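Read-outs: derived from the displayed coordinates by stated rules, not from any lab. Computed from a predicted model, the values in this text were never measured in an experiment. Ideal geometry is used to build each Cβ from the backbone, glycine not excepted, and the neighbour counts take in all protein chains shown.
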Amino acid sequence: MCGVIGYVGKQPAVPILIDGLRRLEYRGYDSAGIAFLQDGTLHLKRAVGKLANLEASLGGVVSTGSIGIGHTRWATHGRPTEENAHPHRAGRVVVIHNGIIENYLSLKRELVAEGRVFLSETDTEIIAHLIDRAMGEGQPLDVAFRTALARLKGSYAVCAMAESAPDLLVAARQGCPLIVGVGDGEHFIASDVPAILSHTRSVIFLEDGDVVVASAGRLAIIDRQGRPLPRTPVQISWSPAMAEKGGYKHFMLKEIHEQPQALINTIQGRISPETGRVYVNEIGLTPERLRTLTKITIAACGTSWHAGLVGKFLIETLARLPVEVDIASEYRYRDPIIAPTELVVGISQSGETADTLGALREAKARGASTLAICNVMGSTIAREADGVLQTHAGPEIGVASTKAFTCQLVALIEVALALGYERGRLDPQRGKALTDALVQLPAHIDDWLRLSAKGVAAIAKQFAHHNNFLYLGRGINYPIALEGALKLKEISYIHAEGYPAGEMKHGPIALIDEGMPVVVLAPRDVAYDKVINGLMEVKARDGRVIVVVTEGDDEAVGKADASIAVPDLNPLLMPIMLAIPLQLLAYYVAVLRGSDVDQPRNLAKSVTVE
Ligand code: AGP
């Protein structure tokens with residue numbers, strides 16, 4: 001949902017801004033722009049479309065100016081045009097903004113009545129005018145900025161600079177992520193960590209209400225009244241290389257192949273290989289509280305919601321505790337019944353998804369305990385929940401979530417095991433068998449990626465021309481059918497639906513003909529026979545089947561048009577394994593169809609608006 005970057009220091013600002021925008025582009029890519037000071041004059045460059053267009057429009061501009069701001073946009077108010085691209089300028093001030101100003105219409109009317117002229121359809125432009133007006137009344141930039149903020153209702157991560165304050169950046173956070181990078185005689189403002197990782201790993205995660213006043217050598221974080229706030233930088237463990245493609249054609253492909261290591265990182269330190277016991281103290285619930293919980297509700301969006309659906313199976317199976325799974329955007333609006341003995345779990349890769357954050361806030365306000373399963377340290381969801389179980393997937397840049405998803409599944413297994421042990425509902429032998437299998441899982445996935453990934457590329461070639469796909473799964477693997485379909489939709493723009501295999505006969509079977517490929521998840525488990533029945537029903541109607549089977553299942557392979565074999569694993573781990581060939585299938589189909597894999601149209605990596 002838009003990326004913002006600001007720099008003030010000793011180096012030329014433009015290359016730093018462009019590099020930062022490249023790393024933020026996954027947050028939005030309708031248009032991009034930068035503003036920088038050169039010899040005391042403000043320069044503004046904006047372009048519709050990808051960052052490459054902005055770079056082209058900059059041509060050979062060589063600027064030595066060492067202060068500037070940049071923005072990559074995901075349109076909310078106003079179409080993706082150059083006029084609507086950020087930064088927005090009013091008089092002596094330029095502004096970039098992520099979020100939504102809810103009262104912008106009334107503010108705009110007020111400013112227009114004073115004779116101010118607006119050049120865009122955006123809500124952001126009013127911020128520039130409000131600051132410029134206050135500066136016109138004699139306020140210095142930092143004070144004028146706070147005067148403007150006092151008028152805003154809504155959410156924002158905003159950063160501004162002015163021609164008359166050539167060494168000052170101001171920024172503020174309210175409901176949208178914003179960080180400050182602290183360098184040696186330089187400061188960075190950014191939407192997230194990867195944008196500045198190649199410059200500094202010393203980062204301050206701002207809180208709502210924080211205002212930043214930064215020059216090259218000085219940093220103040222203050223409240224809206226100008227009072228200093230104590231904020232200490234933390235050292236980020238992610239390395240700059242983690243936010244690079246590392247020789248892969250796309251971030252998504254790199255992230256698919258990073259899964260073995262990401263899973264190891266999410267397992268390590270939490271499981272005792274000797275006893276099979278699980279240690280997740282960070283979830284912030286005492287053993288007593290774990291024992292007395294009566295219900296869990298999981299709230300999440302998109303891929304994270306699919307993880308939640310698998311989580312329901314895991315927790316109900318291992319801990320015998322009832323679990324409801326809600327689409328986070330629906331949760332608040334159905335007046336949920338929440339007991340104080342309930343735990344509400346928000347799952348979010350980014351930790352910034354507005355719907356998931358809203359659901360957790362609602363649950364907390366009604367007295368439930370909250371837990372975040374989150375990949376981004378310092379994110380809003382991670383900070384607001386009572387406890388956090390971090391997934392250690394590392395930075396996920398591809399818009400289509402892959403490694404974060406499988407790490408979420410590992411985290412949910414850990415929660416389910418911890419609950420199962422603590423509540424005395426888990427046979428220790430079963431727990432030990434599962435943790436043994438979990439510890440071995442990354443090696444199985446690593447082998448599979450080395451030996452079998454190419455086979456998926458060949459299948460993609462066979463089916464990439466189809467415009468509709470069905471995905472079928474059952475039981476714990478039904479959410480993987482949903483996830484496989486979502487991956488394909490997101491990056492190849494092919495219409496795809498996931499269904500529980502047993503539901504086929506209640507409607508979707510009418511869609512089956514030779515033009516409808518059906519991906520059937522048929523590992524050998526309790527639902528196997530039933531899933532194979534579904535497969536036969538598809539074949540009987542001339543449908544084309546891609547079956548995903550357990551290695552050695554020649555019978556199922558013989559019934560299908562194409563097949564992918566995965567190792568025989570503990571059934572509770574199978575969703576993690578099955579997700580991977582489906583990620584690759586979506587990836588290769590998207591590449592063949594020429595779509596922009598890492599930045600698919602209309603999407604943004606973190607959705608910070610409702
Ligand atoms: C995943 O491929 C999607 N881009 C999307 O569904 C995503 O999972 C969803 O927006 C939730 O994001 P979060 O995990 O960061 O909260």
Exercise. Given charges of +1 on the Cβ of Lys and Arg and -1 on the Cβ of Asp and Glu, with all other atoms neutral, how large is the dipole of region 197-356 about its Cα centre, in debye to the nearest 20?
Worked result: 340 debye
Seminar exercise, completed: Between D326 and residues 5 or more places away or on another chain, the pairs with built amide H atoms under 5 Å apart involve I298, A299, A300
Seminar exercise, completed: Over 28 Å (Cα to Cα) among K254/K505; K295/K432; K10/K403; K10/K108 -> K254/K505; K10/K403; K10/K108
For this session: Using only Cα atoms, tell me the angle between helix 104-113 and the longest principal axis of the chain; keep it within 0 to 90° and round to the nearest 10.
Result: 20 degrees
For this session: Sticking with the crude label model, points 7 Å out along Cα→Cβ, report the distance from A113 to A540 in nm, one decimal please.
Result: 7.2 nm
Exercise. T550's amide H: which non-local residues (gap 5+, or another chain) put their own amide H closer than 5 Å, with H modeled 1.01 Å from N in plane and none for Pro or chain starts?
Worked result: R524, V566
Exercise. Say a paramagnetic label sat at a point 7 Å from the Cα of Q139, along Cα to Cβ; which residues of region 158-185 have their backbone N under 20 Å from it?
Worked result: 158-175
Problem set entry | Label-reachable residues, region 118-139, where backbone N falls under 15 Å from a point 7 Å from A150's Cα toward its Cβ | 130-139
Problem set entry | Helix 478-492 vs. the chain, principal-axis angle (Cα, 0 to 90°, nearest 10) | 50 degrees
For this session: Between A52 and E610, with labels modelled 7 Å along Cα→Cβ, what's the label distance in nm to one decimal, could you check?
Result: 3.8 nm
Exercise. Which of the peptides 124-131, 106-113 is most tightly packed, and how do the rest follow, judged by the mean count of other Cβ atoms within 10 Å per residue?
Worked result: 124-131, 106-113
For this session: Using the Karplus curve 6.51 cos²θ - 1.76 cosθ + 1.60 with θ = phi - 60°, work out ³J(HN,Hα) for each residue of region 178-188 in order, rounded to whole Hz, and write x for Gly and Pro.
Result: 7, 10, 10, x, 9, x, 8, x, 7, 9, 10
Problem set entry | Square roots of five times the Cα gyration tensor eigenvalues for region 127-277, Å | 38, 17, 15
Exercise. For the chain, with only Lys/Arg (+1) and Asp/Glu (-1) charged at the beta-carbon, what is the dipole magnitude about the Cα centre, in debye rounded to 20?
Worked result: 360 debye
For this session: At q = 0.16, 0.21, 0.24, 0.25 Å⁻¹, what is the base-10 log of I(q)/I(0) for region 270-337 according to the Debye formula with one equal point scatterer per Cα and no solvent? Please give it to two decimals.
Result: -0.69, -1.06, -1.19, -1.21
Seminar exercise, completed: Once the dipole of region 258-311 is set up from charges on Cβ (+1 Lys and Arg, -1 Asp and Glu), the residue from the list Y279, T297, A307 lying farthest towards its positive end is T297
For this session: Just the number, please: Stokes-Einstein D of region 45-129 in µm²/s, Kirkwood Rh from C-alpha pairs, 4 °C, 1.567 mPa s.
Result: 93 µm²/s
Exercise. With the Cα gyration tensor of region 373-425 giving a ≥ b ≥ c as the square roots of its eigenvalues, does the rule (a/c under 1.5 for rounded; else a/b larger than b/c for prolate; else oblate) give rounded, prolate or oblate?
Worked result: oblate
Exercise. Equivalent-ellipsoid semi-axes (√(5λ), Cα gyration tensor) for the chain, whole Å, largest first?
Worked result: 45, 27, 22
Problem set entry | Burial order of peptide ranges 487-499, 314-326 (average beta-carbon count within 10 Å, highest first) | 487-499, 314-326
For this session: Go through region 300-312 residue by residue and turn each phi into a ³J(HN,Hα) via Karplus (6.51, -1.76, 1.60, θ = phi - 60°); whole Hz please, and just put x for glycine and proline.
Result: 6, 10, x, 4, 5, 5, 4, 4, x, 5, 5, x, 4
Seminar exercise, completed: Among L426, C2, I459, the residue whose Cα sits farthest towards the positive end of the charge dipole of the chain, when +1 is placed on the Cβ of each Lys and Arg and -1 on the Cβ of each Asp and Glu, is C2
Seminar exercise, completed: Applied in sequence order to region 405-414, the curve 6.51 cos²θ - 1.76 cosθ + 1.60 (Karplus, θ = phi - 60°) yields integer Hz couplings, x standing for Gly and Pro, of 5, 5, 5, 4, 5, 4, 4, 5, 4, 5
Problem set entry | For region 453-610: Kirkwood Rh in Å [reciprocal of mean 1/r, alpha carbons] | 15.6 Å
For this session: Using amide H atoms built 1.01 Å from N in the peptide plane, name the residues 5+ places from Y471, or on other chains, whose amide H lies under 5 Å from its own.
Result: E497, G498, Y499, V519
Seminar exercise, completed: Helix 125-136: inclination vs the chain longest Cα principal axis, degrees, rounded to 10, gives 30 degrees
Exercise. Suppose every K and R has +1 on its Cβ and every D and E has -1 on its Cβ; what is the size of the dipole of region 385-467 about the Cα centre, in Debye to the nearest 20?
Worked result: 300 debye
Seminar exercise, completed: Taking R0 as 45 Å and r as the Cβ-Cβ distance between D561 and I337, the FRET efficiency 1/(1 + (r/R0)^6), rounded to the nearest 0.05, comes to 0.45
For this session: Evaluate the relative contact order of the chain (contact order divided by residue number), counting alpha-carbon pairs under 8 angstrom at least 6 apart; express in whole percent.
Result: 12 percent
Exercise. Taking Cα pairs under 8 Å and at least six residues apart, what relative contact order does region 1-78 come out at, in percent?
Worked result: 46 percent
For this session: Multiply the residue separation of N602 and D39 by 0.36 nm, subtract the distance between their alpha-carbon atoms, and state the gained length in nm to one decimal.
Result: 198.9 nm
For this session: Select from Y528, G552, I491 the residue farthest towards the positive end of the dipole of region 490-566; place +1 on Cβ of Lys and Arg, -1 on Cβ of Asp and Glu, and compute about the Cα centre.
Result: Y528
Exercise. Taking the DSSP beta bridges in the chain as the whole, what percent of them are antiparallel, to the nearest 5?
Worked result: 60 percent
Problem set entry | the chain: calculated mean residue ellipticity at 222 nm from DSSP helix runs of at least 4, using -39500 (n - 2.57) | -11500 deg cm²/dmol
